[in-house]
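Read the structure below first, then the notes.
The values are calculated or read from the model by the stated rules, or taken from the named source; none is laboratory data. If you're wondering where the values come from, they're calculated on a predicted model, not measured in any experiment. All Cβ positions, glycine included, derive from the backbone under ideal geometry; neighbour counts span all protein chains shown. Accessible surface areas use protein heavy atoms only, side chains included; no ligands, DNA or RNA. Shrake-Rupley method; radii C 1.70, N 1.55, O 1.52, S 1.80 Å.
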Amino acid sequence: MQRAILILAGLIASPAVAQWSNVANKEEEAGFSWTAPLWPSFWMAWTPATFALFCGIFGAIAVIGLLEGFKYRDGVERKGILGLTTTLGDRLFITLLGTAYIFLGWLAVVGQPLWWPLAISIGWGVFCFRKV
């Protein structure tokens, strides 16, 4: 009986048995994730969502810069309903600042999903560029 227990203990401790016990624990392929880091060993956790956000902000700044540089050389200053004299860059800044507050307020009060604050922010951006 002791000999059978020793043989059984030897089989359980062998590497082949240990490898077969991990067959059911295989990692599943996750696919695309908005929150998974793009470059795991990079100093900043760039996720696809943060990358898209920063590309959008820098793209908007580039478009405003090109418009101010080529089409509206003197600047498009106007006095809007807030009583401020603003240019295109000022209105972009007010839009981005308001959008940040809209999203933070929505997250504080409601939480997710974030489709409604996105729609409100787009409306805020249209309002800022037309009336401010």
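Starting from the 7 Å offset along Cα-to-Cβ, what nm value, one decimal, do you get for the label separation of Tyr101 and Leu38?
So the label points at Tyr101 and Leu38 sit 3.0 nm apart.
Using 0.36 nm per residue, how much length does the chain from Phe51 to Ile122 gain when fully extended, once their Cα-Cα distance is taken away?
That pair, Phe51 and Ile122, stretches by 23.6 nm at full extension.
Per residue, how large is the accessible surface of region 46-103? Use a 1.4 angstrom probe and give square angstrom. Spell out each step's value before the answer.
Numbers: 3800 Å² over 58 residues.
Normalised by residue count, the accessible surface of region 46-103 is 66 Å².
For region 67-132, what relative contact order do you get, as a whole percent, if you take Cα pairs closer than 8 Å and at least 6 residues apart? Numbers along the way, then the final one.
Details: 52 pairs, mean separation 23.7, N = 66.
With pairs under 8 Å counted, the relative contact order is 36 percent.
Got a sec to turn the phi values of region 115-126 into Karplus ³J(HN,Hα) couplings, 6.51 cos²θ - 1.76 cosθ + 1.60 with θ = phi - 60°, whole Hz, x for Gly and Pro?
Taking θ as phi minus 60°, the curve returns 6, 5, x, 5, 5, 5, 5, 5, x, 4, x, 5 Hz for region 115-126.
Suppose R0 equals 41 Å; then what is the FRET efficiency for Ile61 and Trp115 from their Cβ-Cβ distance, rounded to the nearest 0.05?
0.95
Using a 1.4 angstrom probe on the protein heavy atoms only, could you order Thr35, Thr85, Thr99 from most to least accessible area?
Details: Thr35 110, Thr85 85, Thr99 30 Å².
Highest to lowest solvent-accessible surface, that is Thr35, Thr85, Thr99.
Give the residue list of trypsin sites (Lys or Arg not before Pro) in region 50-132 that are DSSP loop and have at most 13 other beta-carbon atoms within 10 angstrom. All intermediate terms of the calculation are to be shown ahead of the outcome.
Details: sites: Lys71, Arg73, Arg78, Lys79, Arg91, Arg130, Lys131; in loops: Arg73.
Listed in order of number, the matching sites are Arg73.
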